[in-house]
Amino acid sequence: MRNAVSLLLLFACLGSLTAQDRFEQALALSKRTANLVFRDRVEPQWLPDGKSFWYRVATGRRTQEFVLIDAETGERKTAPDLAELKLPETDTVKTSELTLRLRSTSRTGQSSGLKFVNKLDQRVELFWINRDGEHIPYDSIPAGGEHEQHTFGGHVWLLVEAGGGRLAVVEAQNTVQTIVIDGKAATRETPARRSSPRGNNSPDSKWSVSIDQGRVMLRDRKENTSSQLKTPFDEKLPFHGSIAWAPDSSAFVATCAAEVAKRTVTIVESAPKNELQPQLKEITYVKPGDPLPKPLPVLFRLGEMGAECIEVDNELFPNPFTESYSLDIEWAPDSSEFYFDYNQRGHQLYRILAVNASDGKVRTVVEETSPTFIDYAQKTWRHWLPESGELLWMSERDGWCHLWLYEIATGQVKHQVTHGSWPVRDVLHVDAERREIWFMASGLRPEESPYHRHLCRVNFDGSSFQQLTAGDGDHRIQFSPTREYFVDRWSRVDQPPVHELRRSRTGELVCVLEQADASELMSAGWSLPERFVAKGRDGQTDIHGFLIKPSHFDPSRKYPVVEEIYAGPHSAAVPKEFGMLNRQHAMAELGFIVVQIDGMGTNHRGKAFHDACWKNLKDAGFPDRIAWIKAAAAERPWMDLSRVGIYGGSAGGQNALRALLDHHDFYHVAVADCGCHDNRMDKIWWNEQWMGWPVDESYARSSNRDDAHKLQGKLLLLVGELDTNVDPASTTQVVGALQKAGKAFDFMPIMGTGHGSAETPYGSRLRMEFLVRHLKP
């Protein structure tokens, strides 16, 4: 085992001052290119009429512009100062209505403004109270005068009399406010609120329920008497958590469950900041296969004879996946039944269950099954429509993430709302009155990247589907307060942001607000990523990714290729929007072609694409990635596939090491940071989602520890000793297995660091050194 080399060894290896200069240049790239994109941010501040808004936009390194937009006509007015826009009347607050409670600025919200109107016959001084509590002088407001102050929501300002006496403390909002200085604010401090008992009172305020040492206690609030409610459950099934009352106060639900011992993981902080001796830390950390609680809802009905306990049969929910002892209960508005979710362990069965409030009988409202997995964390959205007795539900049952309409009373599907070989990505708004759904979807246009999200609207019955955004890019939406308009920000990795104002009903373009200017960024040596598409392992499916070249790129030369990988199935981690990509560009500056690719097994491309990860996390889309890189190199002779490296962290760390275990004929060098190298060692919720339950031989098949003897190539393992996300032993067990197998590799634990140790200055430099040393750009 060898330690990572120092900079001196690196430079000796490179053997030239030019290479050394490039290394320093790469480290400084983010500073050299910071804040060189202008007109790229719009935070609309809608005025009370709902028909107009203003925003501030950076136009250069030290210049800005204030813009007022008439949303009905698209008319645009600009000014160098907010006051010159002559905004209509805004919210007005008098200082006499405020308090003098001093506090520091604790947040920075949206760009905003304060207009001060001084009604006093004396000058008033204005101070900003920063995060450290310091009073920073800003301006003077003359007697009878006015002052416009740009600020941000959450920033705190202090008004002081000319003689030094405090007048008022103002916390800016996300909208412009007018502050009328009419006198001193209340001198007394606002009293702190007393902490009240946890709210377990019935809606009619007659009863209160509490859990005392696992027993259910009912209190008559009028008589102030309490009694323990009798249940058929012994002390082995104590009650936990909060109480869920029926809206009409006729019943409530409590949850009981047997106590389950939870695993703890011990980590050592070897060099604490304020102590000489190491500190031992223990964290609760449940791993795949560990026992879990089995919460059981218990129904209590209130009547003239007291409270009746009704058992709920768990036949339809025998083995829940949950680390909680409580259930999230939702009552029907008419108190006839209550609902809760059942995610069966193994993630192949998911139900929404209804329990009759009269007799405790259980029925299924929604049921999802899958031979692989149900993406319960991201694709079990629902929206209750109690007025019509319906439920909107998200499902991948037809192979794509779509919306379905259910009848609650019968649990029957009324119809599928959205259709097509594309996924619903996020539901933004449900209009029950119009029976419309507003949502983001991707993959709508074959000529665009399948990852680009667009705003869409559809009726509950599936009719009148409409895509409301147009630009070829990934879209983010900000609606006006009345939802009559929206600001659409769209971009790509190779397209700086464009901001457009559109009408919500039709998607009609009102006006282009801003087109980002990245010319200074390009002049500083930053280059746009190059998008590329190639066929995957099946020869049919398009695989998407991009390449980044160094600023000193010379097409007559050969460049080693380095892949940044993160194949976690919960996402599609390759950036889709415009961004600085500082880490990737810094790596490219060293003389690499840096690539990022979304292979099969990642999300947002339909169920079949996603299922490649099922019980097979070691796959990581490598057959698609290798095919993509080879296809890119076939058109780009300057890509040298005799020198290919890879790096990643967390799931990407697992992937990076796997490249040298299974695909060392293609990948030659890897840096693996804080990897979940054995899915039996990592957190339960993430790993059982993709690898299933019970823990079987598939976990061993994907284990980097068990396959450590297969290592070929140059490997650097990094880990933060204080990692509470992925057990650090996941990495050190690989170290032990590699040593046992007699393998040469580099290992660097980083002291005092948690998850993502390779993103610390020290870890980042080690990663760069290692790749340069072995790939020799």
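The values are calculated or read from the model by the stated rules, or taken from the named source; none is laboratory data. Model, not experiment: these values are computed from the prediction. Don't worry about glycine lacking a Cβ; one is built from the backbone with ideal geometry, like all the others, and counts go over all protein chains shown. With ligands, DNA and RNA removed, areas are computed over all heavy atoms of the protein, side chains included. Shrake-Rupley method; radii C 1.70, N 1.55, O 1.52, S 1.80 Å.
Quick notes on this structure:
- Some residue of region 628-636 being outside any helix (DSSP H, G or I), in contact (Cβ under 8 Å) with a residue 12 or more places away in the chain, open to solvent by less than 30 Å² (accessible area, probe 1.4 Å) and under 29 Å from residue 700 (Cα atoms): no
- Residue in region 79-98 that is polar (S, T, N, Q), open to solvent by less than 70 Å² (accessible area, probe 1.4 Å), assigned to a helix (DSSP H, G or I) and modelled with pLDDT of 90 or more present: yes
- The number of residues in region 714-750 being open to solvent by 40 Å² or more (accessible area, probe 1.4 Å) and over 27 Å from the mean Cα position of the chain (by Cα) comes to 10.
- Sole exception among (1) open to solvent by less than 60 Å² (accessible area, probe 1.4 Å); (2) under 22 Å from residue 446 (Cα atoms); (3) among the aliphatic types (A, V, I, L, M); (4) touching a His at 6+ places or on another chain (Cβ under 9 Å) for residue 516, by number: (2)
- Close pairs from region 599-620: first on the phi > 0 side of the Ramachandran plot, partner open to solvent by less than 40 Å² (accessible area, probe 1.4 Å) and among the aromatic types (Phe, Trp, Tyr), Cβ under 7 Å, at least 6 apart: 604/451
- Scanning region 735-763 for residues that are in a loop (DSSP other than H, G, I, E, B) and out of contact with any Lys or Arg (no Cβ under 9 Å at 6 or more places or on another chain) gives 742, 743, 751, 753, 754, 755, 756, 760.
- A single entry from 314, 274 fulfils the requirement of being modelled with pLDDT under 95 and not in a strand (DSSP E or B): 274.
- Condition check for residue 108: under 30 Å from residue 500 (Cβ atoms) and open to solvent by less than 20 Å² (accessible area, probe 1.4 Å): no
- Here 457, 483, 476 are screened, and the one residue that is modelled with pLDDT of 95 or more and outside any strand (DSSP E or B) is 483.
- Counting only helices (runs of 4 or more DSSP H) that sit completely within region 641-728, those holding 2 or more residues that are without any contact (Cβ under 8 Å) to a residue 24 or more places away in the chain and more than 24 Å from residue 588 (Cβ to Cβ) correspond to 697-701.
- Per the conditions (1) in a loop (DSSP other than H, G, I, E, B); (2) at pLDDT 85 or above; (3) over 30 Å from residue 304 (Cβ atoms); (4) open to solvent by less than 70 Å² (accessible area, probe 1.4 Å), the sole criterion not satisfied by residue 168 is (1).
- Near pairs, Cβ below 6 angstrom, 6+ apart or cross-chain, from region 213-242 (closer than 23 Å to residue 328 by Cα) to any residue that is open to solvent by 90 Å² or more (accessible area, probe 1.4 Å): 215/228; 217/228
- Given (1) without any contact (Cβ under 8 Å) to a residue 60 or more places away in the chain; (2) more than 30 Å from residue 625 (Cα to Cα); (3) assigned to a loop (DSSP other than H, G, I, E, B); (4) open to solvent by 40 Å² or more (accessible area, probe 1.4 Å), index of the condition residue 540 fails: (2)
- Among residues of region 246-259 being open to solvent by 30 Å² or more (accessible area, probe 1.4 Å) and either in a strand (DSSP E or B) or out of contact with any Ser or Thr (no Cβ under 6 Å at 6 or more places or on another chain) (or both), the one that is farthest from residue 339 (Cα to Cα) is 259.
- Residue 623 being over 21 Å from residue 370 (Cα atoms) and surrounded by fewer than 20 Cβ atoms within 10 Å (Cβ to Cβ): yes
- Matching option when the condition is in contact with a strand residue (DSSP E or B) (Cβ under 9 Å, 6 or more places away or on another chain), within 30 Å of residue 752 (Cα to Cα), modelled with pLDDT of 90 or more and open to solvent by 70 Å² or more (accessible area, probe 1.4 Å), among 206, 262: 262
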